[in-house]
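Here the structure comes first, spelled out in structure tokens, and everything after it is commentary.
The values are calculated or read from the model by the stated rules, or taken from the named source; none is laboratory data. Everything quoted here is computed from the prediction, not taken from an experiment. When we count neighbours, we look across all protein chains shown, and the Cβ atoms used for this are built from the backbone with ideal geometry, even at glycine. With ligands, DNA and RNA removed, areas are computed over all heavy atoms of the protein, side chains included. Shrake-Rupley method; radii C 1.70, N 1.55, O 1.52, S 1.80 Å.
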Amino acid sequence: MTETVSFGYSEVSPTEKTAKVGEVFARVARRYDIMNDAMSAGMHRLWKDRFVARVKPRAGERILDMAGGTGDIAFRMHARGADVTVSDINPAMLDVGRARAAKKGIEGLDWSVQNAETLSFGDGAFDAYTIAFGIRNVTHIDKALAEAHRVLKRGGRFFCLEFSTTQWPGFAEVYDFYSHRIVPRLGKAIADDEDSYRYLIESIRRFPPMPEFEQMIGEAGFVQTKVEPLLGGLVAIHSGWKI
Ligand code: SAM
């Protein structure tokens, strides 16, 4: 049987998904940061602050920020003295990131085009691996997790920030209405791109629930896996250790 994977609410071939996700992020790159602020009312900044506080980057540590896009997580970790490599499959997102870094006077980050499923880094190259709002876009999540495990040193830590499913009664319905009805309209108004933002919302809905994703992290070889839900699970921080 031919393998299919989800692209939002559609089923497509793996090659098609990778290409379509590439098109989405090439289209949204220029307006990505302004849309993040608009869609989350600035809250993505607080989630990212909390995420990096959990990672606890230390001076001189080598950290891979995977699906790092325009650099939000990398900039925060670099500010704490870590030696950060920002990797993303999409050169357009990294280009915006490099320009933002230059504007902010941030130097010393490594920028590297990489597919999370097939990294070119050696085994045990990093002390920590972070991926924020990226993993749901990856075609084969299990392959990306296996690669995360491979490139970490023993004692290395894995952290993932991703949208999940809020368990708060009432809030879930409001969020559903907001995300399906309002976000695509914001996408149209701000970025003139309704379809990309419809995909981004649909991809959140297709992402595995917290216990299932935590299990996948365990299956990739990580131990002491943990989930920290934010806003009842609207967003979640998953983590694990390589031993
Ligand atoms: N981490 C950034 C942040 O939190 O603002 C960017 C998140 S953005 C929603 C998702 C990113 O995942 C995009 O930059 C996209 O190009 C990247 N991406 C999608 N599939 C990928 C893959 N297979 N390997 C690496 N990056 C990927």
- Failed condition for ILE106, given (1) more than 9 Å from the ligand (Cβ to nearest atom); (2) β-branched (Val, Ile, Thr); (3) assigned to a helix (DSSP H, G or I): (3)
- Query: Checking ARG31 against (1) closer than 28 Å to TYR175 by Cβ; (2) in contact with a helix residue (DSSP H, G or I) (Cβ under 8 Å, 6 or more places away or on another chain); (3) within 12 Å of the ligand (Cβ to nearest atom), which single condition isn't satisfied?
  - Reply: (3)
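What about PHE207, is it in contact with a Gly (Cβ under 7 Å, 6 or more places away or on another chain) and open to solvent by less than 30 Å² (accessible area, probe 1.4 Å)? If you could, list the steps in order and put the result at the bottom.
Details: in contact with a Gly (Cβ under 7 Å, 6 or more places away or on another chain): no; open to solvent by less than 30 Å² (accessible area, probe 1.4 Å): yes.
Judged against the criteria, PHE207 is not a match.
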- Query: What do you reckon, is VAL86 over 28 Å from LYS242 (Cα atoms), within 14 Å of the ligand (Cβ to nearest atom) and either over 19 Å from the mean Cα position of the chain (by Cα) or hydrophobic (A, V, I, L, M, F, W, C) (or both)?
  - Reply: no
- Message: For the stretch 102-125, give me each residue that is among the charged types (D, E, K, R), under 19 Å from the mean Cα position of the chain (by Cα) and within 21 Å of ASP72 (Cβ to Cβ).
- Response: ASP110
- Query: Does ILE131 meet the test of being closer than 21 Å to GLU228 by Cβ and either open to solvent by 50 Å² or more (accessible area, probe 1.4 Å) or within 8 Å of the ligand (Cβ to nearest atom) (or both)?
  - Reply: yes
- Query: Of all residues in the stretch 8-24, which are open to solvent by less than 30 Å² (accessible area, probe 1.4 Å) and either out of contact with any Lys or Arg (no Cβ under 9 Å at 6 or more places or on another chain) or closer than 16 Å to PRO184 by Cα (or both)?
  - Reply: GLY8, PRO14, LYS17, VAL21, GLY22, VAL24
- Does the stretch 158-168 contain at least one residue that is in a helix (DSSP H, G or I), modelled with pLDDT of 95 or more and either of a type outside the set (S, T, N, Q) or within 16 Å of the ligand (Cβ to nearest atom) (or both)? no
- Task: Would you check if there is a residue in the stretch 228-242 being in a helix (DSSP H, G or I), open to solvent by 20 Å² or more (accessible area, probe 1.4 Å) and under 27 Å from LYS20 (Cβ atoms)?
- Result: no
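Would you point out which residue out of PHE75, PHE121 is in contact with a strand residue (DSSP E or B) (Cβ under 9 Å, 6 or more places away or on another chain), more than 9 Å from the ligand (Cβ to nearest atom), assigned to a helix (DSSP H, G or I) and more than 22 Å from LYS20 (Cα to Cα)?
Residue meeting the stated conditions: PHE75.
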- Restricting attention to the stretch 47-71, report how many residues are under 20 Å from ASN137 (Cβ atoms), more than 11 Å from the chain's Cα centre (by Cα) and assigned to a helix (DSSP H, G or I). 2
